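A short worksheet on the structure shown next.
The values are calculated or read from the model by the stated rules, or taken from the named source; none is laboratory data. Note that this is a predicted model, so its numbers are computed, not measured. We place every Cβ from the backbone using ideal geometry, glycine too, and count neighbours over all the protein chains shown. For accessibility, only protein heavy atoms count, side chains too; no ligands or nucleic acids. Shrake-Rupley method; radii C 1.70, N 1.55, O 1.52, S 1.80 Å.
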Amino acid sequence: MRPAEPGDLPALVDLCLAARSESTMGAQLCSDDGDRLRDQLGALLASPGGQLLVGLLDGEPAGLLLGQLVGPGPFTDLVSLNLEAIYVAPRARRRGLGHALMAGALEVAELGGATEVYAAPLPGARGMQRFFVRLGFAPAAAHRVVSTSALQRRLVGETAGAQSRRASGRGLEDLIARRRQVRAAARGEMADPSSVQAAAGQRSRPAITMQVNRAVQTRRDSESSTTIS
């Protein structure tokens with residue numbers, strides 16, 4: 001095992017393509033474009049914190065380990081080593097090459113001040129899962145993946161749905177407000193029975209007074225026209 005060199009890139013591309021062909025979820029592992037893979041591996045090799053280890057069998061590349069030293073960052077002062085991929089060609093398995101690559105990763109972690117090593121094996125890679133479990137790796141988190149085009153469609157749909165829900169909510173609130181106004185107006189026009197009786201009494205008093213006055217006046221007129229003999 002040793003750190004990869006620029007001259008190892010063609011062999012490492014072949015190993016990545018072999019790993020992709022073995023995996024049932026190879027599209028999530030790497031691209032099937034050799035030129036693109038070469039550029040990506042070269043970028044990892046040149047990036048700060050990028051780790052690219054190659055495992056040799058009889059002097060030929062037969063395994064690889066891709067990783068990245070991460071941290072410290074805005075939310076943590078810890079440094080960790082994230083293992084993105086580890087692969088050993090079938091012809092080199094059960095020869096200790098995987099353990100040698102992990103020993104190299106441990107050395108990288110210690111030199112970089114990392115206190116933890118993370119690994120994210122693909123779902124369905126049972127052999128790799130068992131390998132990590134034997135080395136003491138425990139579940140820490142679950143990763144999910146989505147294409148950028150699908151994410152864009154979902155975001156547009158979610159935004160439109162949220163706007164529609166807000167609009168319908170405002171329409172419902174307006175309807176409720178209008179109904180409340182109608183009920184309030186109806187209550188205002190409907191007088192209290194006691195007030196109706198009082199109003200009726202107030203309207204009847206002038207009429208009674210007028211009738212009494214008329215009766216008195218009639219009686220007076222009648223008396224004044226009578227002659228006494």
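Observations on the structure shown:
- Segment 106-136 versus segment 46-99: alpha-carbon centroid distance in Å: 9
- For residue 79, the amide hydrogen comes within under 5 Å of the amide hydrogens of 115, counting only partners 5 or more places away or on other chains and with H modelled in the peptide plane.
- Accessible carbon and sulfur surface of segment 15-105 relative to its total accessible area, %, 1.4 Å: 53
- Simple label model, 7 Å out from Cα along Cβ direction - residue 14 to residue 47, nm: 2.6
- Each peptide in 12-20, 151-159, 130-138 receives the mean, over its residues, of other Cβ atoms within 10 Å, and ordering these scores from highest gives 12-20, 130-138, 151-159.
- Modelled FRET efficiency - R0 30 Å, residue 107 with residue 22, Cβ distances, 0.05 increments: 0.65
- Charge dipole (Cα centre; +1 on Lys/Arg Cβ, -1 on Asp/Glu Cβ; no other charges) of segment 1-90 amounts to roughly 180 debye.
- Distance in nm between pseudo-label sites at residue 38 and residue 145 (7 Å out along the Cβ direction from Cα): 2.4
- Integer Hz, Karplus 6.51/-1.76/1.60 couplings in order for segment 79-85, x for Gly and Pro: 10, 9, 10, 9, 8, 8, 6
- Among 82-95, 33-46, the peptide with the highest mean count of other Cβ atoms within 10 Å heads the list, and the full ranking is 82-95, 33-46.
- Note on segment 1-111: dipole from Cβ charges, positive end direction compared against 57, 17, 104; the farthest Cα belongs to 57.
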